[in-house]
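The values are calculated or read from the model by the stated rules, or taken from the named source; none is laboratory data. Remember, predicted model here, so these are calculated numbers, not experimental data. FYI the Cβ positions are ideal-geometry reconstructions off the backbone, even for glycines, and counts take in every protein chain you see. What goes into the accessible areas is simple: the full protein's heavy atoms, side chains included, and nothing from ligands, DNA or RNA. Shrake-Rupley method; radii C 1.70, N 1.55, O 1.52, S 1.80 Å.
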Protein chains: 2
Amino acid sequence: MKKLEERILRDGRAIGNDILKVDSFLNHQLDVVLIDEIGEEIARLFAGCGANKVMTVEASGIPPAVAAARALGGIPVIFAKKAAPSTMVDGAYEAPVKSFTKGTVSSIRLSKSYLGKGDKVLIVDDFLAAGEAGMGMLSLIEQAGAECVGFAAVIEKQYQGGSERLRAKGVDVKSLAVISRIEDGKVYFAG
Amino acid sequence: MKKLEERILRDGRAIGNDILKVDSFLNHQLDVVLIDEIGEEIARLFAGCGANKVMTVEASGIPPAVAAARALGGIPVIFAKKAAPSTMVDGAYEAPVKSFTKGTVSSIRLSKSYLGKGDKVLIVDDFLAAGEAGMGMLSLIEQAGAECVGFAAVIEKQYQGGSERLRAKGVDVKSLAVISRIEDGKVYFAG
């Protein structure tokens, strides 16, 4: 997505050889107009995928997930939670997610009420790096006996291998901006 | 908002004399069509408020905040974070938020890059109960030298006193559904 790549180059801040900060428009301050366009592009890429639900994980996955669900005709979004809320009384699917930056393992959870057999799920997330959150969400979908019909990442850091891991599990991964490397604070896109 | 009240009565689950679960459409699974309508109603209630930013706190405040910002002409959303991300390098405003259900005090944070003097902020949140999150966001706005032009709550639990606390600070509070009490699993709206 040309416009997104241009925005990353203009307003993103690459630090060292790994970190890309996009919190001026994607995950702390939100450009809601751009996020609508991101949703439309995801819907275009996954037209005909048959999804009846969009899944993401809180918090910064929520805006692009909602935008995609609107553009896909107003299907529901379900978002996995990182904390165990006292109100999730009906039982939950749970999966571990490793954080490479923090060196910790946490859990993501989804109430069993909102996902089950017959559901076709499109996963949407703001970042795809090592694929840990993606593998976690895939596990939630498998536990529910539902089907993953695709994975849409707004920004993929290709060099961290997440898309490869997900594709090896048979997932149709499509990313709006694919970063092949970050070097000395400069971003390089694939292709 | 009639449609929201009807949805709360149909799909909400009131537990005892205090808890209202709306996670089938508002804060775990999301009805994106209803949330769009919520955004339009907030924009109608605060038309002419002069807001140039919408503020909320992660995670479940984000969907109505984004919907309101779109309906207000596509102004940016800023969402306060509950954890201290390693990437918030430019300094942050910080405020304590007490949780009555958990009995704990945590912090919310907003990067100093995205709020300052001259900003006019409309706060949007999914719930207004005791007003702790609202008072915290108000503190972030005051620290930035910005102005709060209003507070829109999707669901207000009036009996917990949050709207009174915020109004005592001069905030223009408007809620789309105002619950006067919950009794034996039954919801009563004000007025």
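Checked against the criterion of being open to solvent by 20 Å² or more (accessible area, probe 1.4 Å), modelled with pLDDT of 95 or more and over 16 Å from the mean Cα position of the chain (by Cα), region B:74-89 has at least one qualifying residue.
Please work out if B:A51 is closer than 13 Å to B:L122 by Cα, hydrophobic (A, V, I, L, M, F, W, C) and either within 8 Å of chain A (Cβ to nearest Cβ) or surrounded by fewer than 23 Cβ atoms within 10 Å (Cβ to Cβ) (or both). Talk me through it step by step, then tell me what you get.
On the way: closer than 13 Å to B:L122 by Cα: yes; hydrophobic (A, V, I, L, M, F, W, C): yes; either within 8 Å of chain A (Cβ to nearest Cβ) or surrounded by fewer than 23 Cβ atoms within 10 Å (Cβ to Cβ) (or both): no.
The answer is no for B:A51.
Of everything in region A:2-25 that is within 11 Å of chain B (Cβ to nearest Cβ) and among the aliphatic types (A, V, I, L, M), the residue that is surrounded by the most Cβ atoms within 10 Å (Cβ to Cβ) is A:V22.
Scanning region A:111-125 for residues being within 13 Å of chain B (Cβ to nearest Cβ), open to solvent by 10 Å² or more (accessible area, probe 1.4 Å) and under 22 Å from A:R167 (Cβ atoms) gives a total of 1. With respect to the conditions (1) over 23 Å from A:V173 (Cα atoms); (2) modelled with pLDDT of 95 or more; (3) of a type in the set (G, A, S), A:G136 lacks only one, and its number is (1). Number of residues in region A:109-146 that are of a type in the set (D, E) and touching a helix residue (DSSP H, G or I) at 6+ places or on another chain (Cβ under 7 Å): the value is 2. Restricting region A:58-67 to residues that are in contact with an Asp or Glu (Cβ under 7 Å, 6 or more places away or on another chain) and among the hydrophobic types (A, V, I, L, M, F, W, C), the residue that is nearest to the other protein chains (Cβ to nearest Cβ) is A:A59.
Here B:K98 qualifies as without any contact (Cβ under 8 Å) to a residue 40 or more places away in the chain and exposed (fewer than 15 other Cβ atoms within 10 Å of the Cβ). Condition test on A:I179, is it in contact (Cβ under 8 Å) with a residue 60 or more places away in the chain and under 19 Å from A:N27 (Cα atoms)? Here the answer is yes, as A:I179 does meet what is asked.
It is to be established whether one or more residues within region B:32-46 are free of Cβ contacts under 8 Å to residues at least 60 places away in the same chain, open to solvent by 30 Å² or more (accessible area, probe 1.4 Å) and part of a loop (DSSP other than H, G, I, E, B).
Going through region B:32-46, the residues free of Cβ contacts under 8 Å to residues at least 60 places away in the same chain turn out to be B:32-37, B:39-40, B:43-44.
Next cut, open to solvent by 30 Å² or more (accessible area, probe 1.4 Å) only: B:33, B:36-37, B:40, B:44.
If we keep only those that are part of a loop (DSSP other than H, G, I, E, B) too, we end up with none.
No.
Of the candidates B:G61, B:G16, B:G91, the single residue that is of a type in the set (G, A, S) and farther than 20 Å from B:S107 by Cα is B:G16.
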